[in-house]
1. Given the criteria surrounded by fewer than 18 Cβ atoms within 10 Å (Cβ to Cβ) and at pLDDT 95 or above, does Ala45 qualify?
2. Restricting to the stretch 46-89, name every residue that is in a strand (DSSP E or B) and farther than 19 Å from Pro34 by Cβ.
3. How do the pairs read when you match residues in the stretch 58-77 that are closer than 16 Å to Glu103 by Cβ with residues anywhere that are charged (D, E, K, R) and surrounded by 14 or more Cβ atoms within 10 Å (Cβ to Cβ), using Cβ under 6 Å and keeping only pairs 6 or more apart or on different chains?
4. For residues that are assigned to a loop (DSSP other than H, G, I, E, B), buried (at least 16 other Cβ atoms within 10 Å of the Cβ) and not hydrophobic (A, V, I, L, M, F, W, C), scanning just the stretch 3-30, find the one that is modelled with the highest pLDDT.
5. Please go through the stretch 60-81 and pick out each residue that is closer than 19 Å to Pro95 by Cα and surrounded by fewer than 19 Cβ atoms within 10 Å (Cβ to Cβ).
6. Would you confirm whether any residue within the stretch 91-110 is at pLDDT below 95 and assigned to a loop (DSSP other than H, G, I, E, B)?
7. Condition first: under 16 Å from Asn27 (Cβ atoms), out of contact with any strand residue (DSSP E or B) (no Cβ under 7 Å at 6 or more places or on another chain) and of a type in the set (A, V, I, L, M, F, W, C). Now tell me which residues in the stretch 46-87 satisfy that.
Amino acid sequence: MRIIVNSLERRSPGSDADYAARVLVVNRFRDPDPAFRADLEAALAVLSAQTGCEDGRLGRNVDDPSLWVMVSRWRDVGSYRRALSSYDVKVGAVPLLSRAIDEPSAFEDVDGELNESIPRSTT
């Protein structure tokens, strides 16, 4: 299943929103039941309906059919975080996302300048 939502143009370098680069979210799951696909499709449909979601895809590993992936692309990290706090996502996607393999899942695009990790001030 592939869901494509209206894609937005990349922000130009030097704009006020430079920090808001696109985010790629990769969630992997282990479930041997082929019916798990329907659960993934339902969760992806809910996520794809959220503001800022640009694209979503599902996949299954060719060597290990119990390994699944859900990949979504977001306009920026704020869009992704706001989507996770929406009621529809909490009800329709978070229960499935909580079953994801425990590993980092949010990545920035590397087709331009990378974000710099700057710690917040504690003063």
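The values are calculated or read from the model by the stated rules, or taken from the named source; none is laboratory data. Note that this is a predicted model, so its numbers are computed, not measured. Note that each Cβ is placed from the backbone with ideal geometry, even for glycine, and that neighbours are counted across all protein chains shown.
1. Answer is yes for this residue.
2. Passing the criteria: Cys53, Glu54, Asp55, Gly56, Val71, Ser72, Arg73, Trp74.
3. Filtered contacts from the stretch 58-77: Trp68/Arg60; Val69/Arg28; Val71/Arg57.
4. Checked the stretch 3-30; the qualifying residue modelled with the highest pLDDT is Arg22.
5. Keep residues of the stretch 60-81 that are closer than 19 Å to Pro95 by Cα, which gives 66-72, 80-81.
Passing the criteria: Ser66, Leu67, Val69, Val71, Arg81.
6. yes
7. The answer is Val46, Leu84.
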